Structures are given as structure tokens and as C-alpha cells.
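Every number in this text was worked out from the coordinates using simple rules, so none of it is lab data. Quick caveat, the model's predicted, so the values are computed rather than measured. FYI the Cβ positions are ideal-geometry reconstructions off the backbone, even for glycines, and counts take in every protein chain you see.
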Amino acid sequence: MSFDNDSLEIDLFAPVLRGQDSILKRCWYKKRPTILKIYNKDMQSYFNEIEELCSLVIKIKSEFIVELIGVERRKEIRILFEYCDMGTFDQFIPSCSEAFRIKILEDVIKALKIIHNVNIIAGELQPSKIFITSLDITKTSNCKLSIYGRHKRLDLKKMSLNEIQRSLVYRAPEVLTNVSLSRQSDVFSFGILMYETFSKQLPYTHDDGSFSVEDMMRITQEAALTRKPKLNGVIWETITQCCKYEPSERISLDKVNEVLEEQEHLATNYGEACCVQREIVDTDIFKIINKYLIVLQQWTDMENFNIIYNSNIDGLNGKLISSKMMEHKNLMVIIQTKEGHVFGSYYGGFINRIRDTSFNVEDDNQKYHFAFSLINPHKTIPIKMKKRKEYSVAFRFNGQTKEVISVPSFFFIFSDATSYISTSFDVAYEHMSGYGFDLFCEGQDYSSPYRVGFNLMTLYVIEWTPKC
């Protein structure tokens, strides 16, 4: 298992990273970038355990596992493994696309199956142990799981409070109560990884960002996870099945993978950590939103925005757009026409998850809904319009037709890109612009007295959030 020290060159310009029980040095090994992990001398009591693990890991050659090149034991144990220069998954979680998140989770499941076959248990599946290798989700592997080293004991003197919290959260109940590890322990930890991946925060975290130790410790009696709005019903149910208190009651990784594959078909590719993003980051929508940002912030009383649906990437899909909008709030639909006109609709309430394929989002008092025009044929300033109280529907989803999304008495968009503005707009909405339905576009099809066609270019859904 040893490596050739004569072929090892320490990179003197790279920083030395210090961990709880070791240091990490960047090196070159036979002209290949690597990392040398050197355990502290006071770790000698664990050297046999580390060597035993490494003897299993070094036999694994997989695109889903960080490669272990060699191990040697002197006064300390030194482990040499490949260097993944793109960083770890925790750096990508805040801004990556849903498609990328799901692909990483699927890759981690593949990695777990590989190590379980040789009786290795990861113990903790923190995002910092998942090394990103590619942003192209069409590739077989986008990440590698690191399993070198040992299952760390908690050291209150050497670990920061944040490190202790993260380590505790990612450990199954049987690990916290000193019962032996099993494959089902990794299923529990994978459930926590799913939670953080989709909610972008640790479990037991309050809305103000504070961490509740009391809630976390309840896991010795029951599953204490609290559902966050960003977790849809299917994902949440899978997480709870992973995080059952009794190991025998936890779902299998194969079942988890089936759920992820189903979600993959509904996931958007839009986000920073996806190769598709580089092609669209400079599209007009960012320029438009930034140009009218102050106005939109005033209208919504929100600060930040995130694009969760883009028809250029996701297609015109009614099932997908409804799944994106359910269990979210402060959503804005923005429509861009081929002539460059921009208008849309906003709903600030929470959209519940509905099992029916067809349903309405009601706003009985029109408290949360308004229509707007940013760029129109008449070149007016941005205009915001409230719906009259007798018209209660903010959004409509009709899965029994080809309709993607509509706002009754405003616009209708279909999966073949056929799109209409209702000619009764000025009846349903209160506004003083002096214009009717022609405020939004230059009509192309007047074949019906109830609606006029327009040339749809792109449909977006924006989620607004308050200032952090």
C-alpha cells in the first residue's frame, strides 16, 4: 500500500490545511496533483483502525470514489490520495441547479453501494466529503465520495461549535448512542444530506439561522426534523423514511434512487453549478430585472430573486411549472414576447401542494396578487394593476389540457407556445393607464372576440425573498 517517496514533491506555495487530527499538504506525485494527509503523532492509538480501512479503500478503483494512491506508516500515518480541484459540494449547494443537486445525490448513492459491497460504512455524508469533478450533468459521474481516514471521535477541545453541530446532525441515532454502525446508518446520514441539499440549511435550524441543540437531541426518541417550505412532499417523505429512529425501518437506497430519478424529470437545469448555465447567464431576463429592480422590489416588498423556471431550459410543461410553484410563495411569472415586450403576474401567498392535475390558486381578497407591465408597445413607465375583488383566481393550472399556466382574464399559455391575452382584462383589473389588453403586446390573432394572440418568446417564474 506504500507509495514512492522519491516521486512525491510537496507544493511549497500551496497553503497547509490543518484539521482536527491531521494536516493536509498539496503535492505532485509522478506529475499528478495529489493531497498528502499526515496524521498527528498523538493519533497512534487509531493507526491500526486507519490502516485497516485504507487496505479496503485502496482496492477500489471507481469514478465515484476519491482514489487512494498509497499509505505508509512511520512515526505517523501518511495517506496519499488524488486531488479534486473543483472543490466540495458544500460550496455549490447555495446556488446550484436542482438537476445538479439530484445528479450529485444519485452519484453519492452509487458510491455508497460500492463501499458497502466491501463492508465500509461512511458514517457521515457531509457535503464537505463530496468532491465535485464536473459540472456537466450528462457525464456518468459528477462527484467523488471521500472515505479515506477514520470515523472521527468528537473532540470538544479541537473542534469548533459549528463542526460539532454538523457532525452530530449527520450521525444516526445508533451512532450517537454508541451502537455499532451499519449500512442503514449511512441511509440516515443520506437523508440529512438530502435535507441540506434541497433546503440549503442544516436540520434543526430556526428561521433566524440559529441552531437548536434541544431539537437535535430529540432524535434519541423520535424523528425531530421540521419540514421547510422548499422541501416538496415527495422529497420530504423520502427524507423522513431515511431518518427513521430504528435502522430496520429505514428505506433502502434503491428506493431513494427511484424517487430521485422521478424528480430528475421535473428538475430545472437553471443554476450556477451546471454547464447549461454558462450559456444563458447573460440572457435578457437578468438585464431586464436589474433595470427594473427597484420598481419590482417596491411592488413585492422583497429584496432578492431567484429564477426557478425558464422555458428556454425546461420547456413549456404545465406539470413541471406547477410542481415548481407549489409549496413556494412570493412567485412572479414573467413573460417575454418576441417583440421584446415584458409583462407578468405576481402572487405573494403560499401555494399549497395539490394532488389534482387541475386547480386554481385563489386570492379571495386580492391581497397578494397583481398584474404588471414593464415594457409595452406604448412605451409607458412600469405599471402595476390590482384585480377587482370579485375576480379571485391568481393562477390556474389545467393538467387536462395543453394549458401550461394562465391567469383568468389576463393571459393563457399553452404547451405548443400558443399564447393569448384576454380581451376582458380591463374589466377584471383596476388600472388608470388608459389602455386595455393592448397594453401588453401587439396582437397577432384576433380570430376570437375573447382573446388576442401574442408571440411568446420565454416564460419565467421568479421566486422573491426578503432581505437576509
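What to note about this one:
- Of the peptides 250-258, 124-132, the order by per-residue mean of other Cβ atoms within 10 Å, starting with the highest, comes out as 124-132, 250-258.
- Counting only residues at least eight positions apart within a chain, or on another chain, the lysines with an alpha carbon under 20 Å from that of LYS389 are LYS367.
- Kirkwood-type hydrodynamic radius, region 62-126: 14.1 Å, calculated from all non-identical alpha-carbon pairs.
- By average C-beta atoms within 10 angstrom, highest first, the peptides 236-242, 32-38: 236-242, 32-38
- When the P(r) of region 282-465 is calculated, the portion above 24 Å amounts to 31% of the C-alpha pairs.
- On the basis of the beta-carbon distance and an R0 of 25 Å, LYS384 and ASN360 show a calculated FRET efficiency of 0.65.
- In region 5-82, the inverse of the mean reciprocal separation of distinct Cα atoms equals 13.1 Å; this is its Kirkwood hydrodynamic radius.
- Residue-count net charge about ILE65 - beta-carbon cut-off 13 Å; Lys, Arg +1, Asp, Glu -1: +2
- Over 21 Å between alpha carbons, listed pairs LYS319/LYS384; LYS103/LYS324; LYS291/LYS329: LYS319/LYS384; LYS291/LYS329
- The modelled label-to-label distance for the pair ILE10/GLU430, using points 7 Å beyond Cα in the direction of Cβ, is 7.5 nm.
- Extension gain from TYR245 to SER2, taking 0.36 nm per residue of separation minus the Cα-Cα distance: 83.4 nm
- Between MET86 and ARG396, the simple label model (points 7 Å from Cα in the Cβ direction) yields a spacing of 4.4 nm.
- Placing pseudo-labels 7 Å out from each Cα toward the beta carbon at LYS255 and ASP42 gives an inter-label distance of 4.4 nm.
- Lysines with Cα under 24 Å of LYS31, excluding same-chain neighbours fewer than 8 positions away: LYS59, LYS61, LYS144
- For region 251-256, 3J(HN,Hα) computed residue by residue from phi via the Karplus equation (6.51, -1.76, 1.60; θ = phi - 60°) reads 5, 7, 5, 5, 5, 4 Hz, glycine and proline entered as x.
- Cβ-Cβ FRET estimate between GLU49 and ARG18, R0 fixed at 25 Å, reported to 0.05: 0.70
- Gain upon complete extension [ASN290, TYR450; 0.36 nm per residue less C-alpha separation]: 54.2 nm
- The HN-Hα couplings worked out from phi for region 242-247 by the Karplus form 6.51 cos²θ - 1.76 cosθ + 1.60 (θ = phi - 60°) are 5, 9, 4, 5, 7, x Hz, whole numbers, x standing for Gly and Pro.
- Computed E for GLN298/GLU237 - FRET, C-beta separation, R0 30 angstrom, nearest 0.05: 0.20
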